[in-house]
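Notes follow once the structure below has been shown.
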Amino acid sequence: MSNASDTRTLAAVDLGSNSFHMIVGRFQNGQLQLIDRLREPVRLAAGLTDRHQLDPAVARRALDCLERFGQRVRDLDPDNVRAVGTNTLRRMQSSARFLDQAQQALGHSIEVISGIEEARLIHLGVAHSLPDPGGRRLVVDIGGGSTEIIVGEGLVPVQLESLYMGCVSMSERFFGDGSIRKASMKDAILAARLELQPSKQLFRRLGWSMATGSSGTIRTIRDVVVERGWSDNGISADSLKKLRSALVETGHADKIDFTAVSEDRKPVFAGGVAVLSAVFHALKIERMLHSTGALREGLLYDLIGRIQHQDMRESSVQAMAQRYHVDQEQAQRVEQTALMLLDRVVETWQLQPDDARQWLHWAALLHEMGLVIAHSGYHKHGAYLVEYSDLAGFSRRDQRLLGALVRSHRRKFRKSVIESLPASMRGSATRLAILLRLAVLLHRNRSHQPPPDFRVAAQADCIKLTFPNNWLEKHALTRADLTIERKHLKHTGVQLEFS
């Protein structure tokens, strides 16, 4: 655990659909102080073609922005930086090449997170940025391509939702030529209400004592209605109605003359107003306040949790293990042996010790979870559940890695599973999978008795297990399993030897 007096510089980067944001903070004595903020209107969502490919000019604009961000954070420890992509990167086809370029420009890894994980982080940022008056809080965040809605209590989210509607996507769909007509505004609000239809009753039933908005769209709307004297405290339903009428009267995005609306926000402002209007109507909101905290602040507080060994990912894995009735004792036996093997090979195989231990711990805990569905192919069922569940704290990339380890822990070693991961992960993922496979094999009898005290030696392309004299002769099943395993591992480029 880090010392409370340590000082760390932390950074969070949000590759949003409308703007890219970066905040830098200093964490010392348990307190976070923000020391720098950067924002650039990249308009990533506007550069996505009908085939979900990114326009080269927009890609260049995004990479140039990340180069500038990188000048500020490139020298920071990777563990102190978290960069995430949201809706547009979730939708983008063949995003791997762009992500590789983006990571080079920034100098740090970039994760694509799910809408539900985005909602969790937004709530975390808002909850840390406002006093807690008690009771439940509704949080709404309108981004460029999605809108997140959360009901939470204190720091804990109770219900999370991510909807595919945002200020950029709605503006392009209903106000694409810049014209703001009464009929277009009505159609945009109706479309947003349809998106809200499946979840509105659930949120109404949960209830809340206060409604809070985050993000630039809601902040700008708040600033406009206060500027015009339509509201003196946040956004009221009546002030939002007056804003819609004023926009229709203006007639075109270029003619918007509110001081609070910047030039880069004018083309997407009407879409944001339509989305918020639909949210007010569907959830029967009378007044909404604004929070300075949002996704990027949530990223920083999530980083702090990991530093202080309060990692949300651990809670998610433990909850999943309980939900799918994992045999905890067997999981612990497999983990202990896998970690012992890791200690013997970590230097030779050039693995990062802390990361490797963490992934083996999680993979060992979840490797049998697919048994709750069926014994036949349970490693495939478990991998599917890991990869496609909403696991708080995990990015999509990390869930693919964990799913690949679960998928690869038995039977034939499918190279295609590892090759589906980013190139930078494949070597370590292969080696971690081998260690997990061997640990599972050595505990096939599910006995409480530990395996014998065997020796482990490794080279870059070989691992050798040496058992006590005559032990393999007395344990013919293990010997047969190791013989089969040697054939399976040929596809990995790592040779298994045993005696």
In region 223-244, what residues are out of contact with any helix residue (DSSP H, G or I) (no Cβ under 9 Å at 6 or more places or on another chain) and closer than 22 Å to residue 18 by Cα?
223
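Test residue 188 against the stated conditions and say whether it is surrounded by fewer than 17 Cβ atoms within 10 Å (Cβ to Cβ) and either assigned to a helix (DSSP H, G or I) or assigned by TED's automatic domain parsing to the domain that holds residue 39 (or both). Please lay out each step first, then the result.
Numbers: surrounded by fewer than 17 Cβ atoms within 10 Å (Cβ to Cβ): no; either assigned to a helix (DSSP H, G or I) or assigned by TED's automatic domain parsing to the domain that holds residue 39 (or both): yes.
It is false that residue 188 is surrounded by fewer than 17 Cβ atoms within 10 Å (Cβ to Cβ) and either assigned to a helix (DSSP H, G or I) or assigned by TED's automatic domain parsing to the domain that holds residue 39 (or both).
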Considering only residues that are under 12 Å from residue 18 (Cα atoms) and touching a residue at least 40 places away in the same chain (Cβ under 8 Å), which ones fall in region 48-63?
48, 62
So residue 159 clears everything in (1) surrounded by fewer than 24 Cβ atoms within 10 Å (Cβ to Cβ); (2) touching a helix residue (DSSP H, G or I) at 6+ places or on another chain (Cβ under 9 Å); (3) assigned to a loop (DSSP other than H, G, I, E, B); (4) of a type outside the set (Val, Ile, Thr) except one condition, right? Which one?
(3)
Applying the selection to region 88-102, what residues are of a type outside the set (A, V, I, L, M, F, W, C), within 16 Å of the chain's Cα centre (by Cα) and over 13 Å from residue 55 (Cα atoms)?
90, 91
Any idea which residue in region 191-215 is surrounded by the fewest Cβ atoms within 10 Å (Cβ to Cβ), counting only those that are farther than 20 Å from residue 287 by Cβ and either hydroxyl-bearing (Ser, Thr, Tyr) or touching a helix residue (DSSP H, G or I) at 6+ places or on another chain (Cβ under 9 Å) (or both)?
197
Any residue in region 218-226 that is surrounded by 15 or more Cβ atoms within 10 Å (Cβ to Cβ) and farther than 23 Å from residue 146 by Cβ?
yes
For region 183-208, which residues satisfy the criterion of being among the small types (Gly, Ala, Ser) and either under 27 Å from residue 41 (Cα atoms) or at pLDDT below 95 (or both)?
184, 188, 191, 192
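Determine which member of the set 144, 154 is at pLDDT below 95 and touching a Leu at 6+ places or on another chain (Cβ under 8 Å).
Matching residue, one of 144, 154: 144.
Among the residues of region 167-179, is any among the small types (Gly, Ala, Ser), assigned by TED's automatic domain parsing to the domain that holds residue 268 and part of a helix (DSSP H, G or I)?
The first filter runs over region 167-179 and keeps only residues among the small types (Gly, Ala, Ser), leaving 169, 171, 176, 178-179.
Filter once more, keeping what is assigned by TED's automatic domain parsing to the domain that holds residue 268: 169, 171, 176, 178-179.
From what is left, the residues that are part of a helix (DSSP H, G or I) are 169, 171.
Scanning region 167-179, I find at least one residue that is among the small types (Gly, Ala, Ser), assigned by TED's automatic domain parsing to the domain that holds residue 268 and part of a helix (DSSP H, G or I), so the answer is yes.
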If you go through region 232-245 one residue at a time, do you hit one that is at negative phi and at pLDDT below 95?
yes
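Here's the yes/no breakdown for (1) β-branched (Val, Ile, Thr); (2) in contact (Cβ under 8 Å) with a residue 12 or more places away in the chain; (3) surrounded by fewer than 15 Cβ atoms within 10 Å (Cβ to Cβ); (4) on the phi < 0 side of the Ramachandran plot:
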position	(1), (2), (3), (4)
430	yes, yes, no, yes
434	yes, yes, no, yes
462	no, yes, yes, yes
466	yes, yes, yes, yes
Only one of these is at pLDDT 95 or above and surrounded by fewer than 16 Cβ atoms within 10 Å (Cβ to Cβ): 455, 410. Name it.
455
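Just to check your reading of the model, which residue among 106, 138 is at pLDDT 95 or above, of a type in the set (A, V, I, L, M, F, W, C) and within 18 Å of residue 15 (Cα to Cα)? Talk me through it step by step, then tell me what you get.
Working: 138 fails: within 18 Å of residue 15 (Cα to Cα).
Sole residue among the options that is at pLDDT 95 or above, of a type in the set (A, V, I, L, M, F, W, C) and within 18 Å of residue 15 (Cα to Cα): 106.
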It is to be established whether one or more residues within region 318-332 are free of Cβ contacts under 8 Å to residues at least 12 places away in the same chain and either in the same structural domain as residue 77 (by TED's automatic domain parsing) or closer than 30 Å to residue 129 by Cα (or both).
yes
Wholly within region 1-114, strands (runs of 3 or more DSSP E) carrying at least 1 residues that are crowded, with 16+ Cβ neighbours inside 10 Å and in contact with a Gly (Cβ under 7 Å, 6 or more places away or on another chain):
7-15, 31-40, 110-112
Tally of residues being among the aromatic types (Phe, Trp, Tyr) and part of a helix (DSSP H, G or I) across region 347-375
2
Residue list for region 233-272, restricted to those being within 34 Å of the chain's Cα centre (by Cα), touching a residue at least 60 places away in the same chain (Cβ under 8 Å) and surrounded by 19 or more Cβ atoms within 10 Å (Cβ to Cβ):
253, 265, 267, 268, 269, 270, 271, 272
Testing residue 178 on (1) farther than 18 Å from residue 285 by Cβ; (2) surrounded by 22 or more Cβ atoms within 10 Å (Cβ to Cβ); (3) more than 24 Å from the chain's Cα centre (by Cα), one condition comes back false. Which one is that?
(2)
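The values are calculated or read from the model by the stated rules, or taken from the named source; none is laboratory data. On a predicted model such as this, the values are computed, not experimentally measured, just so you know. Neighbour counts are summed over all protein chains in view; Cβ atoms, including those assigned to glycine, are modelled from backbone coordinates with ideal geometry.
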